[in-house]
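Below is one structure, written out as structure tokens, with a few remarks after it.
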Amino acid sequence: MTAAGAVLRASRPNGRGVWLDRRAAFAAATAVAAAAAVTRAVPLWAITGVWALAAEAVAWGLDAGLFGRVKQVRSPREAFVKADGVFTWEQVAAHNTAESAWIAIHGNVYDVTAFVDSHPGGRELLLLSIGREATDLFVSYHPFTAKPAAVLAKYKIGTLATLEHPVYKADSGFYKEAAAAVAAHFEATGKDAKNPYTGLVRMAPAYALALVFFYLAFCADGLHAAARFAAAIAFGVCQGLPLTGWMHDASHASIGHSEAWWWTVGRASLDWFSGSSMLSWRNQHVIGHHVYTNVMGADPDLPVALSGDPRRLLPQQVWASMYKYQHIYLPPLYGILGLKSRVQDIAEVFSKHTNGPIRVNPISTQDYLRQAATKLFWLTWRVALPLYAAGIVRGGLFAALFFVAEFTTGYWLAFNFQVSHVSTEADFLFADQTKRASKECPAVFEDEWAAAQVRTSIDYAHGSPLAAYLSGCLNYQVVHHLFPTVSQYHYPAVAPVVIEVCKRHGLEYKVLPSFGAAIGAHVRHLKAMGVAGQPAELKLE
């Protein structure tokens, strides 16, 4: 990295040639907020909100190149002509910025630096994927066309010799057939697989009700405490609905056909409204969980260490006596998920550039600005506004209402996520981390990626419009994992198509009758893993 690059990694996501460094960017936003405070242009309780908006403005300036642009450094021309280089995963990982962007797919290494700005799927998804082996990301995000593979060919510079995480066997034909069947479904029905307007119609009432319930819980005068707590619970549900709804679609680029849709919907719902981080979520969910589903040692949703985690989900984890009670103590703790995510993004993703076992690529100045901005904006409207602007609810009552609302959202999200994979009905895989520590290549999994998604994911309550709406169609988890770029609102219609293909390939598509049955299977798995030496259905490297 040059000295100029060390000063500031910016211009979404980073780069040389950008002359406004991170400290100056934060100072600019602070100066605007200070000016607002001194001139009394806004009340003191709103100063954090002013800083947030000023920081976002500076971030947009960086995006627009007002303070300089990234200077890209491509591989020498002879690398593209010969394309016979052999690279380790560490060498590929070193090229993980917009300045120099390498990616490994199907065992080949490509220098896609010149393609970053013209990628039809947007800059952000590509920049999240570079510097790593991304075969299954590439396949699952381009399921209905062969054009991306043809475009990619001209960027080849060599082959990949070693692996950071396990890889799966090549597709035997199951995924190709499933993708063709789903594509035929959309062609026959004439429906848009990424139609954004269904999500807009379904989520608008949730936001409207969320604001009503927030006002009733925290700002309304003369309301009984019991009514406030009921409103806080309702607000927590309404806060969670868009997160399993169109925010989830936005993270997978499955709502609308442009990055503007994904960026706006994702950031508005997760960052600005909920105070969390789309960047953090995409690293955890898209880069980690969706590729390495239920793979301990690679899936960020599973325990990372073999000992010391409060959860024992695989038999490889060292057993401790407390696990005998995990089916009792874990479900109540799920309520902290929402609060945990708002801390984890700062403490881990933005500070250490990791999300569990997943490396996080360099983070831009504007993403740091936006992280601070959205956190402060969230604190402004969720804390400062009711406490100081409304001034109706204070002290212990405010704290109680706040935590009730947040725990409700946490339960809403956690139970929706947990029942889909941590279940007696789901398979688990294990990636031995000691192999990576000793620089040995992890073995290739015996299963192919698409078949593994079917075995590690659980559906429930097919045919229930209520379950589909309340879960964001996560009750069709298998379809979601196989085709993440298809909007969730199509899953009920697509599931029968996928089930038929599974039958032809001898794959069991598991569907439980109800959400209650899914919770029961989840709790039984926790109970089984709490018994010393209790085995689970498992595949090893």
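Full extension of the chain between T145 and M322 yields a length gain of 58.7 nm, computed as 0.36 nm times the residue separation minus the alpha carbon distance.
Using a basic spin-label model with each label point 7 Å from the Cα along Cα→Cβ, how many nm lie between A226 and S307? Distance between the two pseudo-spin positions: 5.1 nm.
Taking a ≥ b ≥ c as the square roots of the eigenvalues of the Cα gyration tensor, an a/c ratio of 1.5 or more together with a/b no larger than b/c marks segment 217-338 as oblate.
Computed extension gain for A260 through K82, at 0.36 nm per residue and net of the alpha carbon distance, reaches 60.3 nm. The alpha-carbon of K156 sits under 18 angstrom from the alpha-carbons of these lysines, leaving out residues fewer than 8 places away in its chain: K82, K147. For segment 493-506, backbone phi angles converted through the Karplus equation (6.51, -1.76, 1.60; θ = phi - 60°) give residue-by-residue couplings of 7, 7, 3, x, 5, 5, 4, 5, 5, 4, 4, 5, 9, x Hz, Gly and Pro being listed as x. For segment 66-169, rounded, prolate or oblate, judged on the Cα gyration tensor with a ≥ b ≥ c (square roots of eigenvalues), a/c < 1.5 rounded, else prolate if a/b > b/c? Judged from the Cα gyration tensor, segment 66-169 comes out rounded (a/c under 1.5). For K169, the residues 5 or more places off, or on other chains, whose built amide H falls under 5 Å of its own are F445, D447, E448, W449. Take each peptide in 118-126, 213-221, count the other Cβ atoms within 10 Å of every residue, and average; sorted highest first, the result is 213-221, 118-126. Cβ-Cβ distance of V201 and L44, R₀ of 45 Å, FRET efficiency by 1/(1 + (r/R0)^6): the value works out to about 0.70.
Only one of (i) 89, 62, 45; (ii) 68, 56, 53; (iii) 90, 67, 48 was calculated from the structure for Cα extents along the principal axes in Å, and its label is (ii).
Need one word for segment 314-375: rounded, prolate or oblate. Basis is the Cα gyration tensor (sqrt eigenvalues a ≥ b ≥ c); a/c below 1.5 gives rounded, then a/b vs b/c decides. Oblate, because a/c is 1.5 or more while a/b does not exceed b/c. Extension gain, A35-H106: 0.36 nm per intervening residue step, less the Cα-Cα distance, totals 20.1 nm.
Residue by residue, segment 209-216 carries 3J(HN,Hα) couplings of 5, 4, 5, 5, 5, 5, 4, 5 Hz when phi is fed to the Karplus relation 6.51 cos²θ - 1.76 cosθ + 1.60 (θ = phi - 60°); x denotes Gly or Pro. Between R504 and R74, the modelled label-to-label distance comes to 4.1 nm, taking each label 7 Å out from Cα in the direction of the beta carbon. 3J(HN,Hα) along segment 190-199, derived from phi through the Karplus expression 6.51 cos²θ - 1.76 cosθ + 1.60 where θ = phi - 60°, amounts to x, 8, 8, 5, 10, 3, x, 6, 4, x Hz, with x in place of Gly and Pro.
Residues whose amide H lies under 5 Å from that of H353, counting only those 5 or more places away or on a different chain, are absent; hydrogens are built 1.01 Å from N in the peptide plane. Placing +1 on each Lys and Arg Cβ and -1 on each Asp and Glu Cβ, with no other charges, gives the chain a dipole about its Cα centre of roughly 1000 debye.
Taken together, the values in this text are just the output of simple stated rules run on the coordinates, not laboratory data. Since the structure is predicted, the reported quantities are computational estimates derived from the model, not experimental observations. Counting neighbours? That spans all protein chains shown, and the Cβs are built from the backbone with ideal geometry, glycine included.
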